[in-house]
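What follows is one structure encoded as structure tokens, with my remarks underneath.
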Amino acid sequence: MIFGGHVSTAGGIEKSVGRAVAQGFVVMQFFASSPRSYSFPNHSLESVTEFNRLFRESGMRQHFFHAIYLLNLATSKPELLKISIQSLVDYLNFGEKIGSSGTIFHVGSSRERSFVEVRDQVVEAMLEVLEKTPENQHLIMESAAGAGNIVGQSLEELAFLYNQVHSPRLQICLDTQHLYASGVDVASQEIFGKWLEQFDREIGIKNLAVMHANDSKTELSSHRDRHANIGEGLIGKSGFRNILSQPLLKDIPFILEVPGVEGNGPDRENIDRLKALG
């Protein structure tokens, strides 16, 4: 199976490649800008060229961006919606320059409004992003834990948005911790297997771009986004053994977003744990 993790770009995006290789990642994810700022940096030609060279020589298969945390396509504030769309456009446009497989993003919170009240706005925003960006870049919608009316906390919401946008460039990222917190018992081979079969019917497993592999610090249906190292949370080793044995996931890359055994983020130890369970 294909395992990797999120890496830092401190010192330049090209530095991310060596960090990923050092931890034994086959696929990696990173921010192309500060996750807590709407401004997008002007990456130099030298930095882009060096990144492309190092990644080509690394032997890794893919890399993904993770969008900034601040964006919200479900907001009631027009200015926030505008800059959220622009942030995604910046990411996908830059992704073409360095061969990204796509940008993974959290849809955002509807806050006091219901999903029904915001869903058309979210669809229109995603269509605008796709219209303004290269055909070879994917917009990857991530499943949500659900706290604070975060959009994408159920298969019903994900399927509605996916099918309304109706573009091969829109894909899905499923996060094991978010699914567990939203009420999907991913630790159960039977329950999660049936859920994945429903996902395949309603969205299509071919449209699942990536899995985020995270254990959970919080209980089933907690609706809280709290990641733990593999085997140290409530999903546990047996739960991840069940997740990794799902036939529908055998060709899907798994990316770690865990604290790390020394608190420095995804690491080789967590990769080794996945390999032992897979």
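The values are calculated or read from the model by the stated rules, or taken from the named source; none is laboratory data. Predicted model only: the values in this text are computed from it and were never measured. Note that we place each Cβ from the backbone using ideal geometry, even for glycine, and neighbour counts take in every protein chain shown.
Scan region 10-30 and give yes if some residue there is surrounded by 18 or more Cβ atoms within 10 Å (Cβ to Cβ), of a type in the set (A, V, I, L, M, F, W, C) and within 30 Å of E124 (Cβ to Cβ), otherwise no. Yes, the conditions are met somewhere in region 10-30. Suppose we filter R19, R36 for residues that are modelled with pLDDT under 95 and either out of contact with any helix residue (DSSP H, G or I) (no Cβ under 7 Å at 6 or more places or on another chain) or under 17 Å from G102 (Cα atoms) (or both); which single one remains? Every option except R36 fails the conditions. Has region 7-17 got any residue that is of a type outside the set (F, W, Y), under 28 Å from E128 (Cβ atoms) and touching a residue at least 12 places away in the same chain (Cβ under 8 Å)? Within region 7-17, one or more residues are of a type outside the set (F, W, Y), under 28 Å from E128 (Cβ atoms) and touching a residue at least 12 places away in the same chain (Cβ under 8 Å). Evaluated against (1) touching an Asp or Glu at 6+ places or on another chain (Cβ under 8 Å); (2) farther than 21 Å from Q29 by Cβ, A145 falls short on exactly one condition, (2). Which condition does E156 not pass, out of (1) at pLDDT 95 or above; (2) buried (at least 17 other Cβ atoms within 10 Å of the Cβ), if it passes all the others? Checking E156 against (1) at pLDDT 95 or above; (2) buried (at least 17 other Cβ atoms within 10 Å of the Cβ), the one that fails is (2). I'd like to know if region 127-139 contains one or more residues that are of a type in the set (D, E, K, R), in contact with a strand residue (DSSP E or B) (Cβ under 9 Å, 6 or more places away or on another chain) and surrounded by fewer than 22 Cβ atoms within 10 Å (Cβ to Cβ). No - not one qualifying residue is present in region 127-139. If you go through region 215-235 and keep only what is closer than 11 Å to G260 by Cα and surrounded by 19 or more Cβ atoms within 10 Å (Cβ to Cβ), you end up with H227, N229, I230. For residues that are in contact (Cβ under 8 Å) with a residue 60 or more places away in the chain and not in a loop (DSSP other than H, G, I, E, B), tally how many sit in region 47-75. Total satisfying the criteria: 3.
Screening the candidates S182, S221 for the property of being at pLDDT 95 or above and farther than 28 Å from S100 by Cβ yields one hit, S221. Put simply, of R241, R268, R201 the only residue that is more than 20 Å from I104 (Cβ to Cβ) and in contact with a helix residue (DSSP H, G or I) (Cβ under 6 Å, 6 or more places away or on another chain) is R241.
Criterion applied to R111, R36 was being surrounded by fewer than 16 Cβ atoms within 10 Å (Cβ to Cβ), at positive phi and part of a loop (DSSP other than H, G, I, E, B), and the one residue passing it is R111. Give V122, V89, V116 a once-over and let me know the one that is hydrophobic (A, V, I, L, M, F, W, C) and without any contact (Cβ under 8 Å) to a residue 24 or more places away in the chain. Exactly one of V122, V89, V116 is hydrophobic (A, V, I, L, M, F, W, C) and without any contact (Cβ under 8 Å) to a residue 24 or more places away in the chain, namely V116. Given the options V151, V122, V165, name the one that is crowded, with 22+ Cβ neighbours inside 10 Å, over 16 Å from the mean Cα position of the chain (by Cα) and within 29 Å of F30 (Cβ to Cβ). Exactly one of V151, V122, V165 is crowded, with 22+ Cβ neighbours inside 10 Å, over 16 Å from the mean Cα position of the chain (by Cα) and within 29 Å of F30 (Cβ to Cβ), namely V122.
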